[in-house]
Amino acid sequence: MEIAIKRHSLAHIMAQAVKQNFPEAKIATWPDTDDGFYYDFDFWDVEFSDKDLKNIEKTMKKIITQNQDFKSIEVNFNDARVILDKMWEWFKKELVDKIESWDFKNTEKLSDKISFYFNISKWKSGEYYEGVQEFLKTNNFERFEELDWDQIKNLKFIDMCTGPHVSNTKELDPNSFKLARVAWAYWLGDAKNKQLTRIYAYAFENQEQLDKHLHMLEEAKKRDHRILWAKLKLFTISELIWPGLPLMQPAGMVIRQEIENYLWELHSKKWYQRVWSPHIAKEALYQTSWHAAKFGDELFRVQWKEDKFIMKPMNCPHHMQIFADNQFSYRDMPVRYFEPATVYRDEKSGQLGWLTRVRAITQDDWHLFCRVDQIKEEVKSITDIIKEFYTTLGMTDDYWVSLSVRWEDKSKYLWNDDVWQKAEDALESASKENNLPYKRVEWEAAFYGPKLDFMFKDAIGREWQLATIQCDFNLPERFDLSFTNANNENERPVVIHRAISWSLERGMWVFIEHFAWVFPTWMSPRQVKIIPVAEKFDDYAKNVEKMLFEAWVRVSWDYSSDWLNKKVRNAEKMHINYILVVWEQEESEWTVSVRNYKTKEQTSENLESFKERVVNEIKNRIL
């Protein structure tokens, strides 16, 4: 059974449990999530908090043991309102109005019917109560209005929803879910509407999967980059500058620069060229590209005398201008540009989260311009880079790729069927040739072209959408780009957008938590720390420091008068890869006592051998 059906059913049971404990509560909407579900409620004047979750969870488990059947009916819109009026469920009734007007979330017409699900328990004889039995058979809603709800003891709950559900609650494991937390949300996501209470829950197939997920969440807390960022001095958030504009400390800048350097190394071998563009441009540029309309209030706008400017929300329009200022023939194609540039979007303050959501986004942005018949080869080249990058980070053991394509309504997409089909075929062919674990996902293509989204898991199993490859037929059209083809005619190029780490900020966040702050040596901002046991060994420590520094190892030292144990403890708090303790024996034998922070091993090594080993780890990016 699909886990989504179980989560849907558990959400229905949670609503029933809430109504049993808080009869005056009104139910709103719910979806399932990647790890469970949530449901929104209006508790009126009753205060509901995390302390109430235990009782709701206990009631849910009791409901599951009652072997309640799920029964459904479909009714027209007017009859749906009759039922909801009887139940005093105003939020659901408003949904009926929106669905009937085809205005709900801007979706198209889905059905002329509204579905309801009943939870019904049986008498010992196995027969349903007569009134409910006839009602379910006849769908007689005039009779429904006459039903005395207090007399129908085995009709446990009714809710308007699309389903599907399990057939009986006995199909659910009462130990497969856990209520997580209480939050607040506006009705239909609109801040002008009433604020509702949202109850989040985790739900899985069985208790084993739930326990595994809860353990993962505990591990995630330990790795949370928001907890240790200040301790390790990676970046700074300043209210004087603005939340969402993080400042990179020297240690954080090392990580950022190492990621960028590695990306450039991978791409320079594929004949990419570096370009640069300014952080601001005339509004007309983004009107032409359509970004002014797409991003709207998210744009930072600047008025200067009679001209209007925009802080760039992305690099693509600038790169279009660079391409347009050249005369390319089909022999010059493809043309490949790289710019790790910062763009600006006004994320809402409630959505900001340290490095998770920022207002200054540094995209590892690469754009290439090619002929249609080159898409397949170029996509293969990019997937090679993606696989090599994430293999280096140890994230390719369990990943998959979403091949996002069109659906039946072709009118929603730019360009003709022939070009679209070639692009989709090229992406799929490249996926097959690279042995990518891909799935075709309809509806997910952007209006301007199909794409590949790479979904990677970190060390504790969390899935992140990081790398992406997108075919774009839109911007070349909007900016009237062309090259001279073999027939000496102007031909429109295809633009391929691609990002490897999505953005440097997002990449840093994921990699920091993936490595649990114990970075591979090549990425680590603090690779080696030297600790002399006593002041008389400072000279030898300085010789070790000089030798490693000249080999481009990031080395620091502790020449303080603190006790040895305190020096070591301070170094370990900063998650330094190698702690070198030196004293009499090390000085006489030209060795170092090595403490490996990751493995906790302690060894004695020849200084030259240690240097060569660390340099090799850095040069070859050994994990």
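For the range 550-567, a residue qualifies if it is touching a residue at least 24 places away in the same chain (Cβ under 8 Å) and either within 26 Å of Met523 (Cα to Cα) or not assigned by TED's automatic domain parsing to the domain that holds Phe610 (or both), and the qualifying residues are Ala551, Trp552, Val553, Arg554, Val555, Ser556, Trp557, Asp558, Tyr559, Lys567.
Yes or no, residue by residue, for (1) in contact (Cβ under 8 Å) with a residue 60 or more places away in the chain; (2) surrounded by 12 or more Cβ atoms within 10 Å (Cβ to Cβ); (3) not in a helix (DSSP H, G or I):
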{"site": "Ala185", "(1), (2), (3)": "yes, yes, yes"}
{"site": "Gln209", "(1), (2), (3)": "no, yes, no"}
{"site": "Glu218", "(1), (2), (3)": "no, no, no"}
{"site": "Lys222", "(1), (2), (3)": "yes, yes, no"}
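Meeting the requirement of 3 or more residues that are without any contact (Cβ under 8 Å) to a residue 40 or more places away in the chain, the strands (runs of 3 or more DSSP E) wholly within the range 273-387 are 280-282, 301-304, 307-311. Among the residues of the range 421-441, the one identified as within 20 Å of the chain's Cα centre (by Cα) and modelled with pLDDT under 85 is Val441.
Note on the range 457-471: residues that are surrounded by fewer than 23 Cβ atoms within 10 Å (Cβ to Cβ) and assigned to a strand (DSSP E or B) amount to 6.
Can you go through Glu444, Glu477 and tell me which one is among the acidic types (Asp, Glu), modelled with pLDDT under 85, at negative phi and not in a strand (DSSP E or B)? When all the criteria are applied, what remains is Glu444. Among the candidates Ala430, Ala426, the residue that is farther than 22 Å from Thr391 by Cα and not in a strand (DSSP E or B) is uniquely Ala426. Of Asn577, Asn570, Asn596, all but one fail to be outside the structural domain of Ala251 (by TED's automatic domain parsing) and more than 33 Å from the chain's Cα centre (by Cα); the exception is Asn570. Taken over the range 58-89, the criterion of being assigned to a helix (DSSP H, G or I), of a type in the set (Val, Ile, Thr) and in contact with a strand residue (DSSP E or B) (Cβ under 8 Å, 6 or more places away or on another chain) is satisfied by Ile63, Ile83. Summed over the range 231-255, residues that are out of contact with any strand residue (DSSP E or B) (no Cβ under 6 Å at 6 or more places or on another chain) and part of a helix (DSSP H, G or I) total 7. If you go through the range 550-594 and pick out every residue that is basic (Lys, Arg) and modelled with pLDDT of 95 or more, you end up with 1.
For (1) in contact with a Leu (Cβ under 8 Å, 6 or more places away or on another chain); (2) more than 16 Å from Leu368 (Cβ to Cβ), each residue gets a yes or a no:
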site	(1), (2)
Trp304	no, yes
Pro313	yes, yes
Ala324	yes, no
Asp332	no, no
Pro340	yes, no
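Being within 23 Å of Trp502 (Cα to Cα), surrounded by fewer than 20 Cβ atoms within 10 Å (Cβ to Cβ) and in contact with a Lys or Arg (Cβ under 6 Å, 6 or more places away or on another chain) is the requirement here; does Thr356 meet it? In short, no. For the range 187-207, the set of residues classified as touching a residue at least 24 places away in the same chain (Cβ under 8 Å) and within 19 Å of Ser49 (Cβ to Cβ) consists of Lys194, Leu196, Thr197, Arg198, Ile199, Tyr200, Ala201, Tyr202, listed by residue number. Looking only at residues in the range 283-299 that are crowded, with 16+ Cβ neighbours inside 10 Å and either in the same structural domain as His497 (by TED's automatic domain parsing) or over 18 Å from Gln470 (Cβ atoms) (or both), the one that is modelled with the lowest pLDDT is Ala292.
Of all residues in the range 44-56, those that are part of a helix (DSSP H, G or I) and either farther than 22 Å from Ile158 by Cβ or free of Cβ contacts under 8 Å to residues at least 40 places away in the same chain (or both) total 6.
The values are calculated or read from the model by the stated rules, or taken from the named source; none is laboratory data. Just so it is clear, the structure is predicted and the values come from calculations on it, not from any experiment. In this analysis, Cβ positions are derived from the backbone assuming ideal geometry, glycine residues included, and neighbour counts consider all displayed protein chains.
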